[in-house]
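**Q** The structure that follows is given in the form of structure tokens.
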Amino acid sequence: MSDTLTPISGHCLCGAVTVTMTPAVAEIHACHCSMCRRWAGSVFLEIDAVPGTLKSEGPVRIYQSSDWAERASCGRCGSPLWYRLTAPEANYHAVSAGLFDDAAGFPLTNEIYIDRKPPGFAFAGDHPRLTEAEFEADFVFQTEEETL
Ligand SMILES: [Zn+2]
Ligand SMILES: [Zn+2]
């Protein structure tokens, strides 16, 4: 799917932060890792942005959550905004689907860290569900490719 999608706009709970970005694909992805679970309130549902297209206005607070990533939230109401890989060559923003009306209307197409998902809930649908080991094997592969 190489067609460029239309930019979408959204905002946090209090409205102080507005965001605009072009989705890389018309898909929602879910992360069940323990960091996303705590940060996003159970599971992080995100839409990948085309590199360089994410723009925001308002009081954004950045928290460096690991050596390789940071998480942005509204400095007023605390709504999660996006997850960003901090390596300069990565240029990856995963934007919270909840900022957009109807979560942009996109379907959930992928779940990662499925083996970290609490047993008390599950998403329906027939889509890939990767374990931590499966996802990280793929992630390392991509990172090595980028550094070549
Ligand atoms: Zn806010
Ligand atoms: Zn996660």
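**Q** Given the rule -39500 (n - 2.57) for each run of at least 4 DSSP H residues, summed and divided by the residues of the chain, what is its mean residue ellipticity at 222 nm, to the nearest 500 deg cm²/dmol?
**A** It lands at -5000 deg cm²/dmol.
**Q** Could you tell me the relative contact order of the chain? Use alpha-carbon pairs under 8 Å, at least six residues apart, and round to a whole percent.
**A** Averaging sequence separation for qualifying contacts and normalising by length gives 23 percent for the chain.
**Q** Under 5 Å between amide hydrogens, which residues at least 5 positions from His93 or on another chain qualify, with H placed 1.01 Å from N in the peptide plane?
**A** Ala49
**Q** Taking R0 as 25 Å, what's the FRET efficiency between Asp101 and Arg76 from their Cβ-Cβ distance, rounded to 0.05?
**A** Approximately 0.80, to the nearest 0.05.
**Q** Short version: ³J(HN,Hα) in whole Hz for each residue of region 46-52, in order, from phi by Karplus 6.51 cos²θ - 1.76 cosθ + 1.60 (θ = phi - 60°), x for Gly and Pro, what are they?
**A** 9, 10, 6, 8, 4, x, x
**Q** Non-local amide H neighbours of Leu108 (under 5 Å, H modeled in plane, Pro and chain starts lacking H): which ones?
**A** The answer is Ile28.
**Q** Once you charge only the Cβ atoms, +1 for Lys and Arg and -1 for Asp and Glu, what is the size of the charge dipole of region 1-76 about its Cα centre, to the nearest 20 debye?
**A** About 380 debye.
**Q** I need the phi-derived Karplus couplings for region 69-76: 6.51 cos²θ - 1.76 cosθ + 1.60, θ = phi - 60°, integer Hz, Gly and Pro marked x.
**A** Whole-Hz 3J(HN,Hα) from phi for region 69-76: 8, 9, 10, 10, 9, 5, x, 9.
**Q** Another one. For the chain, with a Gaussian network of springs between Cα atoms less than 10 Å apart, report the residue from Asp67, Asp101, Asp48 with the top mean-square fluctuation.
**A** Judging by the Gaussian network model, the answer is Asp67.
**Q** Given Cβ point charges of +1 (Lys, Arg) and -1 (Asp, Glu) and nothing else, what value in debye, to the nearest 20, does the dipole of the chain about its Cα centre take?
**A** 840 debye
**Q** Ok, one more. Is the shape of the chain best called rounded, prolate or oblate, per the rule: a/c under 1.5 gives rounded, else a/b larger than b/c gives prolate, else oblate, with a ≥ b ≥ c the square roots of the Cα gyration tensor eigenvalues?
**A** Judged from the Cα gyration tensor, the chain comes out rounded (a/c under 1.5).
**Q** Loop only by DSSP, 14 or fewer other Cβ within 10 Å of the Cβ. Give me the GluC sites (Glu not before Pro) in region 41-148 that pass, ordered by residue number.
**A** Sites meeting the loop and neighbour criteria: Glu89.
**Q** Still on this structure: Out of residues 5 or more away from Cys77 or on other chains, whose amide H comes under 5 Å of its own, with H placed 1.01 Å from N in the peptide plane?
**A** For Cys77, whose amide H was placed from the backbone, the distant partners under 5 Å are Cys14.
**Q** Can you work out the Karplus-derived ³J(HN,Hα) for every residue in region 93-108? Use 6.51 cos²θ - 1.76 cosθ + 1.60 with θ = phi - 60°, whole Hz, and x for glycine or proline.
**A** Those phi angles translate into 10, 10, 9, 4, 4, x, 6, 9, 3, 6, 6, 6, x, 7, x, 6 Hz.
**Q** Now a separate question. Could you let me know the centre-to-centre spacing of region 1-31 and region 83-110, using Cα atoms, in angstrom?
**A** The distance from the Cα centre of region 1-31 to that of region 83-110 comes to 7 Å.
**Q** Using a 7 Å offset from the Cα along the Cα-to-Cβ direction at both Leu85 and Thr6, what is the distance between the two label points in nm, to one decimal?
**A** The modelled label-to-label distance comes out at 3.0 nm.
We did not get these values from a lab; they are worked out from the coordinates using the rules stated. In this text, all values refer to a predicted model and were calculated from it rather than measured experimentally. All Cβ positions, even for glycine, are placed from backbone atoms using ideal geometry, and neighbour counts span all protein chains on display.
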